[in-house]
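S.K.: I'd like to ask some things about the structure below.
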Amino acid sequence: MSAVKVQKRLFGTNGVRGVTGRDMTPALAMKIGMALGSMRKGRIAVGRDTRTSGPALSSAVKAGLLACGCDVTDVGVLPTPALQYIIKNHFDGGAMITASHNPPEYNGVKVIDADGTEMGDEDTLLLEDRIFDETFEVQDWRNVGTETSAPHMVEEYIDAIVSAFPEGIGNGITVVADPGSGPACLTTPVILRKLGCTVHTINGQPDGTFPGRLPEPSPEGLYGLSELVKACSASFGIAHDGDADRAVFVDENGEFVEENSEFALVQRFMCRKGDGLVVTPVSTSMKAEDVAKETGCEIVYTPVGSIYVAREMIRLKKEGKDVLFGGEGNGGLIYPDFQFCRDGGMSGATMVALLADADKPLSELIESLPGRVMIREKLYTTDFEAVLSAVKKAFAEDDLDLTDGIRINRENMWALLRPSGTEPFMRLFVEAASEPEARPFTDEIIGVIKGITS
Ligand code: MG
């Protein structure tokens, strides 16, 4: 394992986020712009999702970048993976104004490096130092940057995805897309149509008040999508989070596809040639292990967070390894032949290719996956260290993996206990073949924790 998790002051796993006007202000956004502009010279692309606070915060980030001498290209509203793709091909870095899956009152900034990945921990710590110490390299009138606007660049992302698949691969496939009024309104329906699909949309108009559903594509919010899939006899429905790096699906019966099943199904498709590596965090379902065995692939585990997955994939690829697929069991899937970041648009296109290749509907394909049950608990405590060391001691005889928190591996089941990055609780995941097997294991762990916190 190469990646080690670092606690940051301002940035979480995927950028800075907060309630607009309270934690996430234009003043902070400008400081982020100035810090980034002091660290990264050259051409910087700035994009945003559809949130109402996007124009104000984007303007502030741009002001900071320009003041520090960067030439800024405003690429407007687009999904995070579209910005990442454009940056990888044309820019020296970038900033995405988004709060991803958070509710409408939130907004934030994701900083993107020249290779299209989110900025790594080491540089993010330096960026934070600059923000807190206010060490900005503000330029004089001869050296401030210039600004251009390029809203059309999103088309490059759309065309690149479409050209990665055979022409007309979606012919005869009906899809319902729910971009949730986010930036994928401009991309996913277009991609699917260009692949040949018949596409219907719901929540298909960009709207930062998110009138149809919240940016988190939870099963409860996707009732309209499910109904429309059934009414249109569609093959599947796709929904995105607020910046469309994640995609989730409903099958032809309108049933939500659990994200770990989504991961395993797409993994099976991506690994059909076998003999490669799949990279995913220690929190991902054993379904991934099962499918890896079936397809002759091997799983490489990382700490929880897409950036750790992406960077491990890049590292392995540089070592000459055949990295076929990666991502998280939350709908954030990474396609290494295209780019090293979670990509909701690519997931939509890949689902079309997967179904075009299959002789079964999506519900049956999901059914063909190994059955697993995952219990998820939240344990409220702030004494993370004491809990972790007690659990480590109590389960010392087990096979322990300390990549992120503590993962206890047992025959045909596992448990993961890890602190929340931002809140006063720990997450416990326990997975086994069935609930009666998972429950006693869960109780055993909770018993140890209760013993020290009570
Ligand atoms: Mg997201």
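The values are calculated or read from the model by the stated rules, or taken from the named source; none is laboratory data. Keep in mind that what you see is a predicted model, and the values were worked out from it rather than measured. Positions of Cβ are backbone-derived with ideal geometry, glycine not excepted, and every protein chain shown enters the neighbour counts. Calculation scope for accessible area: heavy atoms of the full protein, side chains included, ligands and nucleic acids excluded. Shrake-Rupley method; radii C 1.70, N 1.55, O 1.52, S 1.80 Å.
S.K.: Quickly run through segment 101-111 and pick out the residues that are open to solvent by less than 40 Å² (accessible area, probe 1.4 Å) and outside any strand (DSSP E or B).
M.R.: Asn102, Pro104
S.K.: Something else now. Any residue in segment 234-255 that's at positive phi: show its pairings with residues that are away from the ligand (no atom under 16 Å from the Cβ) and of a type in the set (Val, Ile, Thr) at Cβ separation under 7 Å, as long as the two are six or more apart or on different chains.
M.R.: Filtered contacts from segment 234-255: Gly254/Val229.
S.K.: Now for a different question. With (1) touching a strand residue (DSSP E or B) at 6+ places or on another chain (Cβ under 9 Å); (2) over 22 Å from Leu362 (Cα atoms); (3) crowded, with 20+ Cβ neighbours inside 10 Å as the list, and Ala114 as the residue in question, which single condition is left unmet?
M.R.: (3)
S.K.: Continuing with this model, one more query. Considering every residue within segment 327-335, establish whether at least one is assigned by TED's automatic domain parsing to the domain that holds Glu216, away from the ligand (no atom under 15 Å from the Cβ), in contact (Cβ under 8 Å) with a residue 12 or more places away in the chain and not in a helix (DSSP H, G or I).
M.R.: yes
S.K.: Can you report the number of residues in segment 252-275 which are under 21 Å from Arg315 (Cα atoms) and either more than 22 Å from the chain's Cα centre (by Cα) or among the aromatic types (Phe, Trp, Tyr) (or both)?
M.R.: 2
S.K.: So, one more: Suppose the filter is within 21 Å of Pro103 (Cα to Cα), of a type in the set (S, T, N, Q) and either at pLDDT 95 or above or outside the structural domain of Lys88 (by TED's automatic domain parsing) (or both); does Ser58 pass it?
M.R.: yes
S.K.: Scan the strands (runs of 3 or more DSSP E) fully inside segment 366-450 and keep the ones with 1 or more residues being of a type in the set (Asp, Glu), over 23 Å from Val291 (Cα atoms) and not assigned by TED's automatic domain parsing to the domain that holds Glu252.
M.R.: In segment 366-450, 373-380 are the strands (runs of 3 or more DSSP E) which contain 1 or more residues that are of a type in the set (Asp, Glu), over 23 Å from Val291 (Cα atoms) and not assigned by TED's automatic domain parsing to the domain that holds Glu252.
S.K.: Please work out which residue is surrounded by the fewest Cβ atoms within 10 Å (Cβ to Cβ), limiting yourself to segment 86-100 and to residues that are of a type outside the set (S, T, N, Q) and either within 15 Å of the ligand (Cβ to nearest atom) or outside any helix (DSSP H, G or I) (or both).
M.R.: So, considering only residues that are of a type outside the set (S, T, N, Q) and either within 15 Å of the ligand (Cβ to nearest atom) or outside any helix (DSSP H, G or I) (or both), the one surrounded by the fewest Cβ atoms within 10 Å (Cβ to Cβ) is Asp92.
S.K.: Additional query: For segment 33-45, check the following and say yes or no: at least one residue is open to solvent by 10 Å² or more (accessible area, probe 1.4 Å), away from the ligand (no atom under 14 Å from the Cβ) and more than 22 Å from Asn143 (Cα to Cα).
M.R.: No, segment 33-45 contains no residue that is open to solvent by 10 Å² or more (accessible area, probe 1.4 Å), away from the ligand (no atom under 14 Å from the Cβ) and more than 22 Å from Asn143 (Cα to Cα).
S.K.: Any residue at all in segment 367-374 that's open to solvent by 40 Å² or more (accessible area, probe 1.4 Å), within 26 Å of Ile238 (Cα to Cα) and among the β-branched types (Val, Ile, Thr)?
M.R.: Yes.
S.K.: Please state which one of Gly296, Gly305, Gly274 is of a type outside the set (D, E, K, R), surrounded by fewer than 20 Cβ atoms within 10 Å (Cβ to Cβ) and out of contact with any helix residue (DSSP H, G or I) (no Cβ under 7 Å at 6 or more places or on another chain).
M.R.: Going through Gly296, Gly305, Gly274 in turn, just one is of a type outside the set (D, E, K, R), surrounded by fewer than 20 Cβ atoms within 10 Å (Cβ to Cβ) and out of contact with any helix residue (DSSP H, G or I) (no Cβ under 7 Å at 6 or more places or on another chain): Gly296.
S.K.: Can you report the number of residues in segment 231-250 which are more than 21 Å from Arg193 (Cβ to Cβ) and surrounded by fewer than 22 Cβ atoms within 10 Å (Cβ to Cβ)?
M.R.: 0
S.K.: Would you point out the residue of segment 378-409, among those that are open to solvent by 90 Å² or more (accessible area, probe 1.4 Å) and either touching a helix residue (DSSP H, G or I) at 6+ places or on another chain (Cβ under 7 Å) or within 16 Å of Arg427 (Cα to Cα) (or both), that is modelled with the lowest pLDDT?
M.R.: Across segment 378-409, the extreme among qualifying residues is Thr382.
S.K.: Only one residue in Glu255, Glu227, Glu216 is under 12 Å from Val176 (Cβ atoms) and either surrounded by fewer than 19 Cβ atoms within 10 Å (Cβ to Cβ) or away from the ligand (no atom under 16 Å from the Cβ) (or both). Which one?
M.R.: Going through Glu255, Glu227, Glu216 in turn, the sole match is Glu227.
S.K.: Restricting attention to segment 415-426, which residues are out of contact with any helix residue (DSSP H, G or I) (no Cβ under 9 Å at 6 or more places or on another chain) and at pLDDT 95 or above?
M.R.: Once the filter is applied, which keeps residues that are out of contact with any helix residue (DSSP H, G or I) (no Cβ under 9 Å at 6 or more places or on another chain) and at pLDDT 95 or above, segment 415-426 yields only Leu416.
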